[in-house]
Amino acid sequence: MTEEEQKKRKRRSIFIALMLAAFVILFYAITIIRLGENVISRPL
């Protein structure tokens, strides 16, 4: 594998890792928002 191919692979790996992290954060935020609504509106 040439050095250029290694650079491309590393760049792609970093991109995939960032997208995965963004996806996880998005799910976490949606879950907190949905649970938060239930916590705020529940009768005491």
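Since every read-out is calculated from the coordinates, none of them should be taken as a lab result. None of these values were measured; they are calculated from a predicted model. All Cβ positions, glycine included, derive from the backbone under ideal geometry; neighbour counts span all protein chains shown.
If you place +1 on the Cβ of every Lys and Arg and -1 on the Cβ of every Asp and Glu, how big does the dipole about the Cα centre of the chain come out, in debye to the nearest 20?
In debye, rounded to 20, the chain gives about 60.
Please compute P(r) over all alpha-carbon pairs of the chain, binned at 5 Å starting from zero, and give each bin as a whole-number percent.
5, 20, 12, 12, 10, 8, 9, 6, 6, 4, 3, 2, 1
For Ile32 paired with Ile16, estimate the spin-label separation in nm (one decimal), with each label point 7 Å from Cα along the Cα-to-Cβ line.
2.8
Give the angle, between 0 and 90 degrees and rounded to the nearest 10, that separates the Cα long axis of helix 3-41 from the longest principal axis of the Cα atoms of the chain.
Here the helix axis deviates by roughly 0 degrees.
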